[in-house]
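Novice: This is the structure, below, for whatever I ask next.
What follows is calculated from the coordinates using simple rules that are stated; it is not laboratory data. These numbers come from a predicted model, not from an experiment. Every residue, glycine among them, receives a Cβ derived from its backbone with ideal geometry; neighbour counts consider all protein chains shown.
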Amino acid sequence: MIKLIRADEIAGAAARLCIEANSILPDDVMAALTKAADTEESQLGKDILKEIIDNDIIACRGNVPMCQDTGMTTVFVELGQDARIVGGNLIDAINTGVAAGYKAGYLRKSVDAEPLFDRINTGDNTPAIVHVDIIPGDKLHMEIAPKGAGSENMCALKMLKPADGIKGVKKFILDTVKSAGGNPCPPIIVGVGVGGNFETVALMAKKALLRRVGSRNKDPRYAALEEELLDMINATGIGPQGLGGRVTALDVHVDYMAVHIASLPVACAIQCHAARHKGVTLG
């Protein structure tokens with residue numbers, strides 16, 4: 001049976017999520033930051049982590065942004081094949097909601113209409129980057145993830161050869177994090193995509209950032225790789241805000257998919273400590 005979902009309902013939800021995602025840090029990230037403040041060996045690192053936590057508490061209580069860079073809005077949609085959107089277009093509805101949310105929430109508008117020549121700000125933080133997956137069912141799940149440029153600019157992708165193997169993947173991830181240093185405002189969360197092809201591996205890495213801190217890949221081999229990469233990254237000594245310490249990353253999430261016999265794509269998505277995302281299910 002077809003379930004009808006109104007476009008104005010989607011727009012309203014998108015507006016609310018934009019405001020909430022920018023002001024309310026997910027509980028798993030807050031718990032990880034609190035644990036990091038306890039375990040960090042550097043006194044400066046401890047002080048930085050405590051200030052980050054205080055900042056996030058103030059943002060939540062005051063319903064204000066936790067960071068001045070309120071990001072380009074990335075939206076992940078899972079649309080049930082038995083759901084039908086009425087009264088408008090899905091993408092238009094999301095962009096209407098993003099524009100409304102960024103205006104009502106007094107969030108910084110960070111989107112330019114064109115990248116090379118004029119770079120004129122669109123004035124409402126649209127268009128959003130929208131990814132849609134069709135899934136079984138009759139509901140629509142929407143996850144909004146505002147992501148600032150400080151961490152986004154540190155992300156990287158490399159088309160390795162199969163012969164590079166797991167050693168090459170580890171080296172690429174570690175080199176990417178070292179090169180980023182303090183630029184992405186650590187402690188960071190690292191999303192890793194392995195396999196697929198050029199365009200899917202980056203999306204896989206970005207989606208991995210949405211997993212709960214502390215979650216592990218169901219495949220024990222990849223779960224072990226996540227733990228190993230986390231230890232390697234925290235051994236770099238980059239530390240909170242790049243000023244030294246043991247806590248450079250809160251977690252590493254590795255996802256994979258099928259791959260061509262002659263390819264080994266790997267992508268590293270880096271998320272700052274303001275690991276913002278908020279979701280809702282409609283229908």
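Novice: What FRET efficiency comes out for N55 versus R212 if R0 is 35 angstrom and r is the Cβ-Cβ distance? Round to the nearest 0.05.
Specialist: The pair N55/R212 has a calculated efficiency of 0.95.
Novice: Skipping prolines and chain starts, which residues have an amide H placed within reach, meaning under 5 Å, of the one on R6, given they are 5 or more residues away or on another chain?
Specialist: Correct list: V86.
Novice: Take D47 and E227, extend 7 Å from each Cα along the Cα→Cβ direction, and tell me the distance between the two endpoints in nm.
Specialist: Going by the 7 Å Cα→Cβ label model, 3.5 nm.
Novice: From Cα pairs below 8 angstrom and at least 6 apart in sequence, can you work out the relative contact order of the chain, rounded to a whole percent?
Specialist: Rounded, it is 26 percent for the chain.
Novice: Then there is this: Mind checking the alpha-carbon convex hull of the chain and giving the volume per residue in Å³?
Specialist: Per residue, the Cα convex hull of the chain comes to 137 Å³.
Novice: Moving on. So how much slack lies between D138 and K35, counting 0.36 nm per residue of separation and subtracting their Cα-Cα distance, in nm?
Specialist: Full extension of this stretch gives 33.2 nm more.
Novice: Another question about this same structure. Order the peptides 252-263, 92-103 from the highest to the lowest mean number of other Cβ atoms within 10 Å of their residues.
Specialist: Most protected by this proxy first, the peptides run 92-103, 252-263.
Novice: Now, a different point. Does a label point 7 Å from the Cα of I129, set along Cα-to-beta-carbon, have any residues of region 81-123 with amide nitrogen under 17 Å, and which are they?
Specialist: Output list for this probe position: 95, 98, 109-116, 122.
Novice: Something else about it: Based on the mean of other beta carbon atoms within 10 Å per residue, what is the order of 163-170, 50-57, 67-74, most packed first?
Specialist: Those peptides, ordered most packed to least, come out 67-74, 50-57, 163-170.
Novice: Please identify which residues in region 155-193 have an amide N closer than 20 Å to a label point set 7 Å out from the Cα of D28, following the Cα→Cβ vector.
Specialist: Backbone N within reach: 186-193.
Novice: A follow-up question, please. What nm distance separates the two modelled labels at I91 and A163, each placed 7 Å from Cα along Cα→Cβ?
Specialist: 4.2
Novice: HN-Hα J couplings of region 46-52 from phi, Karplus 6.51/-1.76/1.60, θ = phi - 60°, integer Hz, Gly and Pro as x?
Specialist: 4, 4, 4, 5, 5, 5, 4
Novice: Arrange the peptides 116-128, 227-239 so that the one whose residues have, on average, the most other Cβ atoms within 10 Å appears first.
Specialist: 227-239, 116-128
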